[in-house]
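Enquirer: Shown below is the structure under consideration.
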Amino acid sequence: MKEPHHQRKVGIGMIMVAASLGAIGILQLAIGPDVLFADNIQREQVELFEDCKTNDFQDPQCAKWLDEMKLQECRENKDTEGECWKYRMWVIQDQELEEIMKNAQNQDE
C-alpha cells in the first residue's frame with residue numbers, strides 16, 4: 001500500500017480554497033451595495049488627470065502621469081540615453097520583443 005503523504009497537500013489546498021472564498025465573501029460584503037465601486041475609482045482618477053492636465057502637471061500628485069508620458073515618449077523614440085536613462089530597461093525590452101516578433105513572422109513565411 002502506498003504512503004498517503006499527498007493527503008496533507010490536498011488538505012492544505014482545500015484550506016487555501018476555503019480561505020480565498022472567505023476573503024471574496026468578506027470583500028463582497030464590504031463593497032456589495034456599491035455596484036459601481038471600480039467605476040467610481042476610475043472616474044476619480046480621470047477627473048484628477050484632467051485637473052492635472054489643465055494645471056500643466058504642476059501639482060505633486062501629477063508626477064505619476066509625467067513619468068508615464070516620458071516613458072511612452074522614450075519607447076516611441078527608442079531612446080535609452082539622456083533623460084530616458086531610467087526607462088532603458090523597458091525600451092530595450094520593447095526592442096527585443098519587436099525583434100522576436102519580426103523573426104517569428106519571417107519564419108512563418
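Enquirer: If you roll a 1.4 Å probe over the heavy atoms of the protein chains, what accessible area per residue do you get for the chain, in Å²? Show your work: numbers first, answer last.
Expert: Numbers: 9680 Å² over 109 residues.
Per residue, the chain has 89 Å² of solvent-accessible surface.
Enquirer: Quick one: dipole size for segment 31-75, taken about the Cα centre, charges +1 on Lys/Arg Cβ and -1 on Asp/Glu Cβ, in debye to the nearest 20.
Expert: Values: 5 positive and 11 negative charges, 41 e Å.
Roughly 200 debye for segment 31-75.
Enquirer: Same structure, new question: Which listed residue (THR54, LEU27, MET14) has the Cα farthest towards the positive end of the charge dipole for the chain, taking +1 on Lys and Arg C-beta and -1 on Asp and Glu C-beta about the Cα centre?
Expert: MET14
Enquirer: What number of lysine-lysine pairs in the chain show an alpha-carbon separation below 23 angstrom, given a sequence spacing of 8 or more or placement on distinct chains? Before the final figure, lay out each step's value.
Expert: Details: LYS53/LYS64; LYS53/LYS70; LYS64/LYS78; LYS64/LYS86; LYS70/LYS78; LYS70/LYS86; LYS78/LYS86; LYS78/LYS102.
Pairs that pass both the separation and distance tests number 8.
Enquirer: Please report, in debye to the nearest 20, how large the charge dipole of the chain is about its Cα centre when each Lys and Arg carries +1 at its beta carbon and each Asp and Glu carries -1 there.
Expert: On the way: 12 positive and 22 negative charges, 201 e Å.
So the dipole magnitude of the chain works out to roughly 960 debye.
Enquirer: Which label belongs to the value computed from this structure, given these candidates for log10 I(q)/I(0) by the Debye sum over Cα atoms at q = 0.11, 0.15, 0.16 Å⁻¹: [x] -0.39, -0.63, -0.69; [y] -0.29, -0.56, -0.64; [z] -0.80, -0.88, -0.89?
Expert: Correct label, based on the coordinates given: [z].
Enquirer: Run the helix sum for the chain: -39,500 (n - 2.57) per DSSP H stretch of 4+ residues, divided by residue count, reported at 222 nm to the nearest 500 deg cm²/dmol. Spell out each step's value before the answer.
Expert: Working: 4 runs with 80 residues, N = 109.
The helix-only estimate for the chain comes to -25500 deg cm²/dmol at 222 nm.
The values are calculated or read from the model by the stated rules, or taken from the named source; none is laboratory data. Note that the structure is a prediction, hence the values are computed from the model and not measured. Cβ: placed from backbone, ideal geometry, glycine included. Neighbour counts: every protein chain shown. Remember, those area values only see protein heavy atoms, side chains included, never the ligands or the DNA or RNA. Shrake-Rupley method; radii C 1.70, N 1.55, O 1.52, S 1.80 Å.
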